[in-house]
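Since the structure comes first, as structure tokens, the remarks are kept for the end.
What follows draws every value from the coordinates through simple rules; no lab data is involved. Just so you know, these numbers come straight off a predicted model, no measurement behind them. In this analysis, Cβ positions are derived from the backbone assuming ideal geometry, glycine residues included, and neighbour counts consider all displayed protein chains.
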Amino acid sequence: MGNNNNSKSLESWIWDAACAIRGAQDAPKYKDFILPLIFVKRLCDVFDDEVQRITDKIGGKEKALKLIEKDRKLIRFYIPLRPENIEDATWSVIRKLSTKIGEELTNKLRDIARENPRLQGIIDRVDFNATTHGQRDIDDDKLSNLIEEISKKRLGLKDVEPDIIGRSYEYLIRKFAEGGGQSAGEFYTPKEVGIIMARILDPEPGQEIYDPCCGSAGLLIKCQLVLQEKMHLRSKEKYAPLQLYGQEYISSTWAMANMNMVIHDMEGTIEIGDTMNLPKFRESATSGKERNKLKKFDLVTANPMWNQSAFNQSTYENDELDRFVAGFPPNGTADWGWVQHILASLNESAKGGGRAGIVLDTGAVSRGSGNQSTNREKEIRKWFVEQDLIEGVLYLPENLFYNTSAPGIILFLNKKKSRERKNKILLINASKEFQKGQPKNFIPDENQNKIVETYLNWKEVDKFSKIIDKDEIVKNDYNLSPTRYIHTAEEETYRPIGEILEDLKGLEQEQKEIDKELKDIFKKLGY
């Protein structure tokens, strides 16, 4: 175990490493330097462990390295770095860099990527020697401090379980989200939200799970962790892991997702690109006349960016994959565009499949209801209710997410509802199920259990959950917000400010849409 016996937790060690560059305040700026380095430290230490395992069997480290050279399948990742003294740790090659550190480190990581196709584009995309306006982004002194901090703990197979280092890695991602401002939510969903979704989706061995906007892959990883826990309780050691698939638009976040998977000792396929305009997962056409179709998955877990305005009507109008059958969302919010893409990505045949959990802004389930004018989002909701595809809506506490204080909801879809759930929707108002934290609120374990058990047992709990049928939904003009139907004691006297602001945002958007339509009409009339 060596220098791993110090009392400092992995989390605080990782954060100290981040702060070694330029203090806690600036650490988030450096995540693209810090995450790959911790990742490579883990790869180097695991490589040493695997070399040692083979050395113990055949005697002699040189012999073991020659054998690995011939057969790379003997180990997970091949690390081509060689210390002068064969008995030294592989990482020592990086630790001993003393001149042109940025340039040398960049070359070393590129050497590792060259030997491992799975790491290409992930660890070799970072230039530790990069400059902006002639100034180094991270100078050699800071880099040297960072390498020294990272050297303080061994991250081999016997030192840390994949789940422990995985949790620590996620902790670092969360810490970056805390300081990362608006963009933070693009790559981090609060841990307990991901766990609640995974436990409600309740994955089974071998299922295919997809996240179309996967960020750092946290939601996919949590599905696998929930499956591991379930199999452990069933005392099953051997079972097929989940098949994890994700797509991410931002290249640095895509790299983070791949590193996060490997660090958790999981395998998955993470593609890069814009899911709305170019979804990467397709089934090949079986005949010349057929077009490529979307690949279908058993389960989908997702937290798309809320109220995204990046997609215009041409995205929906020119879609060749027949995804937007319920109607086109308005320009200011793609929420129901994402929901329709996810629905189109769900299969119907697999046992327990055809289900999704999607985190959305609260306004997505209520905007337009109660208004006399037609509203595109309400019309899409109406279609989903008429097709009986919505199984549940869970209203979350406010101030959980890093880029907003608004509460958010989780929408659960099911393409194959059981007989007793037909034309019914379970609503849960979990707005009070939190503890105050710094800088954000969180949902403690017992509250998570209450939410999950209520959902899985499909039961009504006073001032917490309610099962509504189609008639009641129609009567409320397709408003699916749990706060509309379930009043906690205090909520009769006030509504959360976040929710009111979201409603106002929705009304502003509607006004813009109406103004635009009126302008178009006047233009056609020649005014």
For q = 0.06 Å⁻¹, Debye-computed log10 I/I(0) when each Cα of the chain counts as one equal scatterer: -0.33
Taking 35 Å as R0, compute the FRET efficiency from the Cβ-Cβ separation of ASP71 and SER9 and round it to 0.05. 0.40
To the nearest whole percent, what portion of all C-alpha pairs in the range 303-378 is separated by more than 14 angstrom? 64
Quick one: if you take sqrt(5λ) for each eigenvalue of the C-alpha gyration tensor of the range 93-200, what semi-axes come out, biggest first, whole angstrom? 29, 19, 15
If unit charges are put on Cβ atoms (+1 for Lys and Arg, -1 for Asp and Glu) and the dipole of the range 28-78 is taken about its Cα centre, the option from PRO36, ILE68, THR55 lying farthest towards the positive end turns out to be PRO36
LEU360, LEU504 arranged by Cβ crowding within 10 Å, fewest neighbours leading: LEU504, LEU360
What is the order of ILE14, ILE58, fewest Cβ neighbours within 10 Å to most? ILE58, ILE14
In this structure, the FRET efficiency calculated for ASN423 and ARG82 from their beta-carbon separation, with R0 = 51 Å, to the nearest 0.05, is 0.15
Fewest-first ordering of ASP159, ASP322 by Cβ atoms within 10 Å yields ASP322, ASP159
Quick one: dipole size for the range 174-509, taken about the Cα centre, charges +1 on Lys/Arg Cβ and -1 on Asp/Glu Cβ, in debye to the nearest 20. 680
Cross-link candidates for LYS516: which aspartates and glutamates have Cα within less than 16 Å, leaving aside residues fewer than 8 places away along the same chain? GLU508
Let me check against my output: what whole-number percent is the relative contact order of the range 174-509, with C-alpha pairs under 8 Å and at least 6 apart? 15
Evaluated at q = 0.17, 0.26 Å⁻¹: base-10 log I(q)/I(0), Debye formula over Cα of the range 260-339: -0.84, -1.39
So if each residue of separation counts as 0.36 nm, and I subtract the Cα-Cα distance between GLU103 and LYS436, what length gain in nm does that give? 115.4 nm
Reachable aspartates and glutamates from LYS470, Cα under 20 Å, same-chain residues fewer than 8 places away excluded? GLU377, GLU379, GLU386, ASP388, GLU391, GLU420, GLU460
Figure the gain on full extension for VAL325 and GLU460 (residue separation times 0.36 nm, minus the Cα-Cα span) and round it to one decimal in nm. 45.3 nm
Can you tell me the length gained on complete extension of the stretch LYS236 to SER284, counting 0.36 nm per residue apart and subtracting the Cα distance? 13.7 nm
Along principal axes, Cα extents of the range 2-159, largest first, whole Å: 51, 36, 26
Mean residue ellipticity at 222 nm from the helices of the chain, using -39,500 (n - 2.57) per DSSP H segment of n ≥ 4 over the full residue count, to the nearest 500 deg cm²/dmol? -13000 deg cm²/dmol
